[in-house]
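The values are calculated or read from the model by the stated rules, or taken from the named source; none is laboratory data. Being a predicted model, the structure only gives us computed values, none of them experimental. Because the Cβ atoms are built from the backbone with ideal geometry, glycine has one as well, and the counts that use them run over all protein chains shown.
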Amino acid sequence: MARQPILDLRGRVHGYELLFRKGPEAAFRGDGNMATRTMLDNAVIFGLETLTGGLPAFVNCTRESLDELVHVLPPSLAVLEILETLEPTPDLIQACRKLKALGFRLALDDFTWKPKIEPLVELADYIKVDFTLSNSKARKELRRRLSGVSVALIAEKVETQEECKQAREEGFTLIQGYYFCRPVLLKGQKIPANRLSHIRILELLQYEPLNLHRLSAVVKQDAALTFRLLRLVNSPVCAMRQEISSIESALMVVGDEAFRRIATLAITSELNANHPPELLRMAIVRGRFCELAAELCALVPTEQYLVGMLSLVPTMLRVSIEEFLLSLPLQGRMCGALLGEDCAERGLLRWAERYERGDWAGCDAVAQANGLDQEAVARRYAEAVVWAEAALAFTR
């Protein structure tokens, strides 16, 4: 199971669409009802609140599932997506009315206007429009038809800042896609001076063993970073049994490996200021996933954690990866991974990038190329998501 964020116009996460994959094959080819049943089963086992951090969960629903199966979901969290392949028959409309009466919200997926759709439009809380399958003229006509209807419009598959701007101008209030990972970079943009100390700390975190004196001296120069770091050290994320009150004692008590993890987490949180929180969440998940899965392909966990976490830092700084690496002299193999080279150190990050988008065929190709067990890798990813949700509570 993967999840894709749905953001509001201020870049805050409104909810997640949960994407399902059945077994090891590249895409689901079997019974759609089985897919939905398995999705609902997973939602019950893990809990929607855990999977989405308490935000709305958008779940694709087949005709069968709308009668009884979706009742296992909490109405306050679940948004039931009515697939575009379902015909608006009287039975379907009646089933949707009953679900609305129970408190469920409804979304019309990949929406296009068709005969007899009006009753479903009147019941819908969200209407999702695929930006890759529609043009501006078609979307303008759709908005005309929807005038007077109280419904939130979601622009799907928005992948660039230009598409995001267009969606805003066209009246969409929610956006689904990874446009926030691709900001407009200014040619020759330099890393801001007030961020250079953070880059310096990241550089010092590469060395084994850590230099206690040099590292603590640089960290203490930034009061906000020191606060974040100590908050993380004293949180359940680090599982310490005694309270730590100084950088030196944190380094000595938690050990080099744990300190690298929480220090990078604290720094990345600082660097993500004024950016969508989802960007930080993705960076945390990537870092922790690459660390956990490193054992599966004989890679160094600490290096993989940095590769995963740092993959989104240039986006936070609004600089190119090349400019970022000039300021942060990483070891050669880590540089290659971040630059996108086809190397072993890039494999886990490449898998995570495809998994985020539900690109199951791409995941399979990466797994096969790197000799990875798909089920074991996916399990590490799920563990990383749970860890990231816990860590986020202590990064603010």
| task | Examine the range 168-187 for a residue that is closer than 21 Å to residue 283 by Cα, modelled with pLDDT under 85 and of a type in the set (A, V, I, L, M), and state whether such a residue exists. | result | yes
| message | With without any contact (Cβ under 8 Å) to a residue 24 or more places away in the chain and part of a loop (DSSP other than H, G, I, E, B) as the only criterion, which of 340, 362, 358, 336 stands out? | response | 340
| Quick one: would you say residue 236 is closer than 17 Å to residue 392 by Cβ, surrounded by fewer than 23 Cβ atoms within 10 Å (Cβ to Cβ) and touching a strand residue (DSSP E or B) at 6+ places or on another chain (Cβ under 7 Å)? | no
| request: Being over 24 Å from residue 350 (Cβ atoms), surrounded by fewer than 24 Cβ atoms within 10 Å (Cβ to Cβ) and at pLDDT below 90 narrows it down to one of 250, 258, so name that one. | output: 258
| task | Kindly check whether there is at least one residue in the range 369-382 that is in contact with a helix residue (DSSP H, G or I) (Cβ under 7 Å, 6 or more places away or on another chain), at pLDDT below 85 and surrounded by 16 or more Cβ atoms within 10 Å (Cβ to Cβ). | result | no
| Options 172, 111; residue that is assigned to a loop (DSSP other than H, G, I, E, B), more than 30 Å from residue 316 (Cα to Cα) and in contact with a strand residue (DSSP E or B) (Cβ under 9 Å, 6 or more places away or on another chain) | 111
| field | Scan of the range 45-87 for residues that are touching a Pro at 6+ places or on another chain (Cβ under 7 Å) and under 17 Å from residue 98 (Cβ atoms), ordered by number | value | 79
| note | Selection over the range 150-171 where residues are closer than 20 Å to residue 123 by Cβ and either in the same structural domain as residue 318 (by TED's automatic domain parsing) or out of contact with any Asp or Glu (no Cβ under 7 Å at 6 or more places or on another chain) (or both) yields a count of 3
| said: Quick check on this structure: which one of 351, 387 is of a type in the set (Phe, Trp, Tyr), in contact with a Lys or Arg (Cβ under 7 Å, 6 or more places away or on another chain) and in contact (Cβ under 8 Å) with a residue 24 or more places away in the chain? | reply: 387
| task | Would you mind stating whether residue 130 is among the charged types (D, E, K, R), under 24 Å from residue 52 (Cα atoms), surrounded by 18 or more Cβ atoms within 10 Å (Cβ to Cβ) and in contact with a Lys or Arg (Cβ under 6 Å, 6 or more places away or on another chain)? | result | no
| remark: Per the filter on the range 365-381, residues small (Gly, Ala, Ser), assigned to a helix (DSSP H, G or I) and over 19 Å from the mean Cα position of the chain (by Cα) are 365, 367, 369, 376
| For the range 270-284, how many residues meet the condition of being assigned to a helix (DSSP H, G or I) and at pLDDT below 85? | 2
| Do you know which of the residues in the range 285-319 that are in contact with a helix residue (DSSP H, G or I) (Cβ under 7 Å, 6 or more places away or on another chain) and not in a helix (DSSP H, G or I) is farthest from residue 372 (Cα to Cα)? | 312
